[in-house]
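Below is one structure, written out as structure tokens, with a few remarks after it.
The values are calculated or read from the model by the stated rules, or taken from the named source; none is laboratory data. Just so it is clear, the model here is predicted, and its values are computed rather than measured. Because the Cβ atoms are built from the backbone with ideal geometry, glycine has one as well, and the counts that use them run over all protein chains shown. Side chains are part of the model used for accessible areas, which takes the heavy atoms of the whole protein and leaves out ligands, DNA and RNA. Shrake-Rupley method; radii C 1.70, N 1.55, O 1.52, S 1.80 Å.
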Amino acid sequence: MIEFFQSPVTQTILVALNKGFVVTLELFFITLIGAIPLGLVIAFGSMNRLAPLARLTRWATRRRGQEPGRFARALIVFRPIQLITRLLVWIVRGTPLILQIIAIYYVPGLVMDGGTPWPRGEMGRMTAVCVAFIINYAFYFSEIFRGGIQGVPKGQQEAGLVLGMTRRQIFFKVTLLQMVKRIVPPMSNEIITLVKDTSLSRAIALQEVIWAAESFMKGNQGISGLWWPLMFTAVYYLAFSAIVTMVLGRLEKKLDYFQV
Amino acid sequence: MPILDVRNIEKHFGETRVLKDISFSLEQGQALAIIGSSGSGKTTLLRCLNFLERPDRGVISVKGSVIFDAEDPATQQESEVRRKRLHFGLVFQSFNLFPQYTALRNVTLAKELLARERPEFKARKKEILEEIEQEGRELLKKMGLEDRAGHYPNQLSGGQQQRVAIARALALQPDILCFDEPTSALDPELTGEVLKVIRTLAEQKTTMIIVTHEMAFARDVADQLIFMDGGVIVEQGEPHQVINHPREERTRQFLSRYLQE
């Protein structure tokens with residue numbers, strides 16, 4: 001066993017896998033950092049109640065002394081920002097991530113005259129994959145955030161209002177932490193899925209850990225035909241998801257001091 | 001001059017009319033009780049006073065100045081509404097304490113946020129915050145909760161939570177303190193401690209509007225009583241007179257149903 005780990009072949013392979021896993025980790029953290037704030041913005045978009053035609057329609061029907069009909073009622077509840085956001089949520093959640101990665105990487109180059117907008121080589125693949133992951137995860141997160149925000153009882157907001165707080169103060173001082181507490185369990189699920197989803201970037205040959213392991217099947221640095229490195233990547237994913245689970249578990253515990 | 005004057009308030013939810021032609025006034029230091037069955041519009045009336053609902057018609061004046069006039073959009077500006085709300089305090093049926101804060105912080109939070117807007121806040125920050133905390137502790141003491149200051153809402157009984165909520169409303173020194181069925185969510189044995197606190201406030205001449213189902217309490221504590229039904233004021237007057245000798249048939253029916261229970 002010790003001999004196996006000390007053999008030069010194994011050493012070469014482990015170094016390559018480590019290097020691949022660093023790429024996996026980079027993708028993981030960049031996605032989180034990008035998708036959480038973007039998800040919050042999208043969540044507010046899908047809750048936006050701006051109805052530009054409501055006032056005009058109400059005024060017009062009232063002027064004619066009628067009750068609003070079917071068409072007028074549709075105009076009153078026409079909320080363009082909400083509508084567009086929810087349409088995008090449907091598209092992003094309704095199509096496979098692997099397809100989104102491929103589309104974001106290749107399609108711009110196919111339709112634009114000047115060729116692909118992404119930088120050449122690994123840098124370009126990484127950028128494209130990060131964009132795809134941030135968009136995809138932001139839309140998933142946005143639905144979790146929306147659930148979290150809408151799950152805070154209305155009475156909390158009303159209590160803030162009658163105490164003379166501004167909407168901003170109510171969000172940051174009252175609602176936010178209650179929302180965080182509510183979303184930690186579903187977010188944990190999503191984040192652990194993200195750990196494994198990073199492997200989908202293999203589709204455009206990003207040199208992450210799966211890609212690195214596969215190379216030893218095909219031939220890399222004089223080593224080929226080995227299948228165990230690919231299986232061994234499971235160890236990396238398991239170890240990392242254990243750490244993620246622990247960190248999120250701690251956060252959950254930290255918020256245990258109050259009940260919502 | 002009455003501290004609160006409400007004239008011809010009317011409110012619709014879609015097609016349903018929930019308040020019609022509500023008019024009353026309240027003198028400084030008086031307690032007004034509002035009784036009536038569920039759905040009679042009592043809660044909506046309180047919510048209108050606290051700007052949580054916008055009446056379709058009517059005028060609300062506090063200390064002689066108009067704070068809301070349905071005909072005059074200038075009285076309804078969002079930025080103004082926030083300040084005007086501070087004339088009123090509201091204690092909710094379901095307490096609505098902020099669960100992530102201790103009892104003390106629940107009481108002091110809003111006052112602290114308001115203090116931040118004062119020009120001298122930066123210079124005297126520490127002093128002002130200490131002052132606010134001290135006031136908060138005193139209010140909790142008044143509620144008999146001095147040893148519960150560091151507890152979170154989920155560590156308190158319903159009655160204690162409601163008393164924290166009363167302290168929270170009092171912290172901003174509203175002109176008029178409103179109670180929306182403050183004991184309806186409480187077990188009978190916890191109701192007493194909350195009613196006792198409200199009784200003390202009445203003795204100290206706090207101007208109050210109390211929506212309640214506790215008839216005996218309303219009769220004993222209030223200076224004025226309103227019976228509402230179907231969104232209108234059916235009868236109003238001196239509490240003993242309304243409860244013991246109602247003039248209106250509808251009041252009589254309501255009270256007899258209540259006394260049977």
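At 37 °C and 0.692 mPa s, what whole-number value in µm²/s does Stokes-Einstein give for the translational diffusion of the stretch A:182-254, with Rh from the Kirkwood sum over Cα pairs? My calculation gives 238 µm²/s for D. Counting only residues at least eight positions apart within a chain, or on another chain, the lysines with an alpha carbon under 26 Å from that of A:LYS181 are A:LYS154, A:LYS173, A:LYS196, A:LYS253, A:LYS254, B:LYS111.
Straightening the chain between B:GLU117 and B:ASN154 buys 10.2 nm, computed as 0.36 nm per residue apart minus the Cα-Cα spacing. Computed from point charges on the beta carbon alone (+1 for Lys and Arg, -1 for Asp and Glu), the dipole magnitude for chain B about its Cα centre is near 560 Debye. Per the Cα gyration tensor, the stretch B:115-261 maps to an equivalent ellipsoid with semi-axes of 36, 18, 12 Å, ordered largest to smallest.
GNM remark for chain A: springs join alpha carbons under 10 Å apart, and the peak mean-square fluctuation among A:LEU99, A:LEU161, A:LEU17 falls on A:LEU161. Across chain B, the fraction of Cα-Cα pairs farther apart than 24 Å, rounded to a whole number, is 50%. Determine the calculated [θ] at 222 nm for the protein assembly as shown from helices alone, applying -39500 (n - 2.57) to every DSSP H run no shorter than 4 residues and normalising by the residue count; nearest 500 deg cm²/dmol. It comes out at -18000 deg cm²/dmol, rounded to the nearest 500.
Seen against the Cα atoms of chain B and their longest principal axis, helix B:125-142 is set at about 50 degrees. Applying 1/(1 + (r/R0)^6) with R0 = 51 Å to the Cβ-Cβ distance of A:ARG63 and A:THR166 gives a FRET efficiency near 0.90. Shielding of peptide B:164-177 by partners, expressed as the average count of other chain Cβ atoms within 10 Å per residue Cβ, is 1. Overall shape: oblate for the stretch A:35-187, with the ratio a/c of the largest to smallest alpha carbon gyration tensor axis at 1.5 or above and b/c at least equal to a/b. Calculated FRET efficiency, B:HIS240 to B:SER38, Cβ-Cβ distance, R0 = 30 Å: about 0.75 to the nearest 0.05.
Ordering A:PHE216, A:VAL235, A:PRO119 by the projection of their Cα atoms onto the charge dipole of chain A, which places +1 on the Cβ of Lys and Arg and -1 on the Cβ of Asp and Glu, puts A:PRO119 at the extreme positive end. Between the beta carbons of B:GLU249 and A:THR127, assuming R0 = 60 Å, the FRET efficiency works out to 0.15 to the nearest 0.05. The residue list B:ILE226, B:GLN204, B:HIS240 was ranked by how far each Cα lies along the charge dipole of the stretch B:184-241 toward its positive end, using unit charges on Cβ atoms, and B:GLN204 comes out on top.
Long hydrophobic helices in chain A, taken as whole DSSP H segments with a C-alpha length of 27 Å or more on their own axis and mean Kyte-Doolittle hydropathy at least 0.0: A:8-47, A:121-151, A:176-197, A:228-254.
Semi-axes of the equivalent ellipsoid for the stretch A:99-225, computed as √(5λ) from the eigenvalues of its C-alpha gyration tensor and ordered from largest down, come to 43, 19, 10 Å. Based on protein heavy atoms only, the stretch A:33-117 ends up with 72 Å² per residue of surface accessible to a 1.4 Å probe. The GluC sites (Glu not before Pro) of the stretch B:32-121 meeting both criteria, a DSSP state outside H, G, I, E and B (loop) and at most 15 other C-beta atoms within 10 angstrom of the site's C-beta, are B:GLU71, B:GLU117, B:GLU120.
Here the dipole of the stretch A:186-260 is about 100 debye; that uses its Cα centre as origin and unit charges on the Cβ of Lys and Arg (positive) and Asp and Glu (negative).
Projecting each Cα onto the charge dipole of chain B (Lys/Arg +1, Asp/Glu -1 at the beta carbon, about the Cα centre), which of B:GLN253, B:LEU32, B:ALA123 comes out farthest on the positive side? Result: B:ALA123. The dipole here belongs to the stretch A:37-137: it is taken about the Cα centre, uses +1 on the Cβ of Lys and Arg and -1 on the Cβ of Asp and Glu, and is about 900 debye. Leaving ligands and nucleic acids aside, the A/B contact buries around 2200 square angstrom of accessible area in total at a 1.4 Å probe radius.
Once divided by 2.2 N^0.38 Å, the Cα radius of gyration of the stretch B:130-201 becomes 1.07. Orientation-averaged projection of chain A equals 21.2 nm² [convex hull of Cα atoms, one quarter of hull surface area].
If the chain linking A:GLU252 and A:LEU83 were pulled fully straight, counting 0.36 nm for each residue of separation and taking away their Cα-Cα distance, it would gain 57.5 nm.
Per residue, the stretch B:107-241 exposes 43 Å² of accessible surface when a 1.4 Å probe is rolled over the protein heavy atoms with every protein chain present. The fraction of Cα-Cα pairs per 5 angstrom bin, counted from 0 for the stretch B:1-47, comes to 5, 17, 27, 26, 15, 7, 3, 1 percent, rounded to whole percents. An ellipsoid equivalent to the protein assembly as shown, defined through the eigenvalues of its Cα gyration tensor, has semi-axes of 60, 29, 20 Å when rounded to whole angstrom and sorted largest first.
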